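Below: the structure, in structure tokens.
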Amino acid sequence: METIKEMSKNEKIKNLTSDWFILMSKYEYSYHFTWLGCSIIQFPQDVIAMQEIIWQVKPDLIIETGIAHGGSLIFYASMLELLGDDGQVLGIDIDIRKHNRMKIEKHPMFKRITMFEGSSIDLDIVKKVYDFARNKKSILVVLDSMHTHEHVLKELELYSSLVTNNNYLVVYDTVIENMPESFSSNRPWGKGNNPKTAVREFLKTNNRFEIDKEIENKLLITVAPEGYLKCIKD
Ligand SMILES: C[S@@+](CC[C@H](N)C(=O)[O-])C[C@H]1O[C@@H](n2cnc3c(N)ncnc32)[C@H](O)[C@@H]1O
């Protein structure tokens, strides 16, 4: 769309967006929202982008690393429910807290959700994921667990081949690279060591994916700049 292209070139909007991000980060903006009663640690703008992607690609499996309270799993499951087919959601987390598990398991959308507990880069977990994904025709993968370069790069290597042609591999929190050091001062990730640096390294040798710039250009406010990767090859 022409207006999106024009807007993305507007330096004033770019600077305002970046200032907005820095100001909002101290208020833990991404923790303020729920989806069907369940905390979802996402920006509403990215939730809208995922809704558009899910409608467009109609996945029969959505895999996400990083469950936390489960809001994103419930969100994907509710979108698949609206699509009406038998789409499934698979979540992986190293630590599924008891109260989170109970809340997810009681939710009406749980009928479409499976959860594996363990590290997303543990090869036994990866094997279980591949077994689960067997015979699925349209697979969308979202990476939102540990945000260090090494971990995300490993996840990209392990999970990218599950993504089917024309579907998406979404890498959250690439925005860490754009933020001041103080944003991640008490975290194992930071500038130079985060999902965006991992995506850049991954794309140097992998030609199945390209960054869908239109998504971040229209959102402006997104935690995933350079993180919406479209699969362009079998
Ligand atoms: C940002 S939260 C996920 C938020 C969730 N996707 C949402 O949108 O609401 C990150 C999660 O990753 C999990 N995590 C951290 N290291 C992990 C690892 N090695 N493997 C799998 N999950 C991990 C944490 O336990 C935490 O629940």
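Exactly one residue among I67, I53 is in contact (Cβ under 8 Å) with a residue 40 or more places away in the chain, touching a strand residue (DSSP E or B) at 6+ places or on another chain (Cβ under 7 Å) and outside any loop (DSSP other than H, G, I, E, B), and that residue is I53.
Residues in region 145-186 that are part of a loop (DSSP other than H, G, I, E, B), touching a Pro at 6+ places or on another chain (Cβ under 9 Å) and within 16 Å of the ligand (Cβ to nearest atom): 5 in all. Cβ-Cβ contacts under 7 Å between residues 6 or more apart (or on different chains), taken from a first residue in region 34-48 that is within 16 Å of P225 (Cβ to Cβ) and touching a residue at least 12 places away in the same chain (Cβ under 8 Å) to a second residue that is among the small types (G, A, S) and within 7 Å of the ligand (Cβ to nearest atom), are listed as Q42/S72.
Of all the numbered requirements in (1) over 24 Å from M146 (Cβ atoms); (2) at pLDDT below 95; (3) not small (G, A, S), Q56 misses one, and that requirement is (2). The single condition among (1) more than 18 Å from I67 (Cβ to Cβ); (2) aliphatic (A, V, I, L, M); (3) buried (at least 23 other Cβ atoms within 10 Å of the Cβ) that V171 does not satisfy is (1). What tally of residues in region 75-123 results from selecting those that are outside any loop (DSSP other than H, G, I, E, B) and small (G, A, S)? Here the count works out to 3. Regarding region 125-134, can at least one residue be identified that is within 27 Å of I48 (Cβ to Cβ) and either outside any helix (DSSP H, G or I) or under 15 Å from the mean Cα position of the chain (by Cα) (or both)? Within region 125-134 (the criterion being within 27 Å of I48 (Cβ to Cβ) and either outside any helix (DSSP H, G or I) or under 15 Å from the mean Cα position of the chain (by Cα) (or both)), the answer is no, since none of the residues qualifies. Pairing residues of region 215-229 that are of a type in the set (F, W, Y) and at pLDDT 95 or above with residues that are part of a strand (DSSP E or B) and surrounded by fewer than 20 Cβ atoms within 10 Å (Cβ to Cβ), at Cβ distances under 8 Å and at least 6 apart in sequence or on separate chains, gives Y228/I211.
Take the conditions (1) touching a Leu at 6+ places or on another chain (Cβ under 8 Å); (2) farther than 19 Å from S72 by Cα; G192 misses just one of them, which is (1). Residues that are away from the ligand (no atom under 12 Å from the Cβ) and surrounded by fewer than 20 Cβ atoms within 10 Å (Cβ to Cβ) were ranked within region 58-73; the one that is farthest from E214 (Cα to Cα) is D60. Candidates E216, E210: the one that is assigned to a helix (DSSP H, G or I), on the phi < 0 side of the Ramachandran plot and out of contact with any His (no Cβ under 7 Å at 6 or more places or on another chain) is E216. Taken as a whole, the structure leaves D122 outside the set of residues that are loosely packed, with under 13 Cβ neighbours inside 10 Å, closer than 20 Å to H147 by Cβ and under 20 Å from the mean Cα position of the chain (by Cα).
The values are calculated or read from the model by the stated rules, or taken from the named source; none is laboratory data. The structure displayed is predicted, hence computed values, not measured ones. Note: ideal-geometry Cβ built from the backbone for every residue, glycine included; neighbour counts use all protein chains shown.
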